[in-house]
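Chemist: There's a structure below that I have some questions on.
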Amino acid sequence: MLTLCLMLGLMMPGSDATAPPSTTPADTMVVRTVPAAPTAASTVDKAQETILTLINETRTSNGVAPVKWDNKLAEAARLHAERMADTGELSHEFIGEDPLMQRLTSLNVYLDRAGENVVYDQTPEGAHDSFMGSAPHRENILNAGYNAVGIGVIDRNGVLYVCEDFAHLLVKMSDDDAVQAVSKTFLQMRSEYQTGGLRYVKDDQLATAVQVMAQQEKPNGPAAMQISGARVAAAYATTDPRTIPPQVAQLAKVRGVKAYSVAVVYARTPTYQGGLYWVSILLYSHAPATLTAQVQ
């Protein structure tokens, strides 16, 4: 049976989820074949579906939640599988090709970690068995930190070049929607603490402070305290704007304030290539003149 596989795992700095070790094997095997037209799309689709089924059956039987199919990850996997098929080589990065994380973010994928398995084999079942017979590849498949996968399969003369791109996808929303999500959670907390509703202020100065914070890759609560009327503020970075860190949630207990503002910027940076939501919450001792809305 013809088979060979390689794996790659990447995790963004600061992530607390378990991820496979990052490794780039030094040796690859070149398969010399006569170029041929790919098989019918339906055959390739079936192979991809088979591999996805096998992945999730394996995860479930090992007590790990299934991964969902993601079209963007699948597009990246297919493009990489084509490169492997065209060159007859297995690699995670060819000359002139971006590294895995850049390939995924260039397709506007919101993620904070990713891993890749590549193999050639004659059947999808054989490809999966090869991955499961290798500890690093098995670790990618069973990694509970991943929630999505895209699979690309290219056929060359009966040899299947397979690329599996795993990722932990983030919640994807616009900055305005993220502001609404933070506000909703914050006001729910104030209701639970019985500290009262607050009027919402759209503060351009706070928005600018958060943009700078993202550029500097560092939360900066004190910057918001320079804004007129500021009583207390907090800043943080998160992968999910719908949740507020426990230490920041203490702001919901503050009494004697009249209004609040929230600013959020989603940004990809050199350190956090997959992107993070940078957030600041500011409470005012009095309602500024720029009052734009009231939220209970």
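The values are calculated or read from the model by the stated rules, or taken from the named source; none is laboratory data. Because the structure is a prediction, the values reported are computed rather than measured. Positions of Cβ are backbone-derived with ideal geometry, glycine not excepted, and every protein chain shown enters the neighbour counts. Side chains included, ligands, DNA and RNA excluded: accessible areas come from the protein's heavy atoms. Shrake-Rupley method; radii C 1.70, N 1.55, O 1.52, S 1.80 Å.
Chemist: Listed residues Met173, Met189; which is touching a residue at least 24 places away in the same chain (Cβ under 8 Å) and either part of a helix (DSSP H, G or I) or over 25 Å from Met101 (Cβ atoms) (or both)?
Modeler: Only one candidate passes the filter, namely Met189.
Chemist: Does Glu139 satisfy being over 29 Å from Thr60 (Cα atoms), open to solvent by 10 Å² or more (accessible area, probe 1.4 Å) and out of contact with any helix residue (DSSP H, G or I) (no Cβ under 7 Å at 6 or more places or on another chain)?
Modeler: No: the conditions fail for Glu139.
Chemist: Does Asp204 satisfy being exposed (fewer than 13 other Cβ atoms within 10 Å of the Cβ), among the charged types (D, E, K, R) and more than 20 Å from the chain's Cα centre (by Cα)? Working first, answer last.
Modeler: Values: exposed (fewer than 13 other Cβ atoms within 10 Å of the Cβ): yes; among the charged types (D, E, K, R): yes; more than 20 Å from the chain's Cα centre (by Cα): yes.
Against the criterion (exposed (fewer than 13 other Cβ atoms within 10 Å of the Cβ), among the charged types (D, E, K, R) and more than 20 Å from the chain's Cα centre (by Cα)), Asp204 qualifies.
Chemist: Now, a different point. Of all residues in the stretch 70-113, count the ones that are part of a strand (DSSP E or B) and not charged (D, E, K, R).
Modeler: Residues flagged as part of a strand (DSSP E or B) and not charged (D, E, K, R) within the stretch 70-113 amount to 1.
Chemist: I'd like the residue in the stretch 233-253 that is assigned to a strand (DSSP E or B) and touching a Phe, Trp or Tyr at 6+ places or on another chain (Cβ under 9 Å) and, out of all such residues, is nearest to Ala209 (Cα to Cα).
Modeler: Of everything passing the filter in the stretch 233-253, Ala235 is nearest to Ala209 (Cα to Cα).
Chemist: Could you please find all residues in the stretch 144-160 being assigned to a loop (DSSP other than H, G, I, E, B) and surrounded by fewer than 22 Cβ atoms within 10 Å (Cβ to Cβ)?
Modeler: Ala144, Gly145, Asn147, Asn157, Gly158
Chemist: Name the residue, out of Arg231, Arg199, Arg268, Arg242, that is open to solvent by 30 Å² or more (accessible area, probe 1.4 Å), of a type outside the set (Val, Ile, Thr) and closer than 10 Å to Leu283 by Cβ.
Modeler: It is Arg231.
Chemist: Restricting attention to the stretch 78-120, which residues are more than 30 Å from Lys172 (Cβ to Cβ), in contact with a strand residue (DSSP E or B) (Cβ under 6 Å, 6 or more places away or on another chain) and surrounded by fewer than 22 Cβ atoms within 10 Å (Cβ to Cβ)?
Modeler: Residues satisfying the conditions are Gly88, Glu89, Leu90.
Chemist: Are there any pairs with C-beta distances below 6 angstrom linking a residue in the stretch 96-108 that is charged (D, E, K, R) to a residue that is at pLDDT 90 or above and surrounded by 15 or more Cβ atoms within 10 Å (Cβ to Cβ), with the two at least 6 apart or on different chains, and if so which?
Modeler: Pairs that qualify, where the first residue is charged (D, E, K, R) and the partner is at pLDDT 90 or above and surrounded by 15 or more Cβ atoms within 10 Å (Cβ to Cβ), are Arg103/Ala76.
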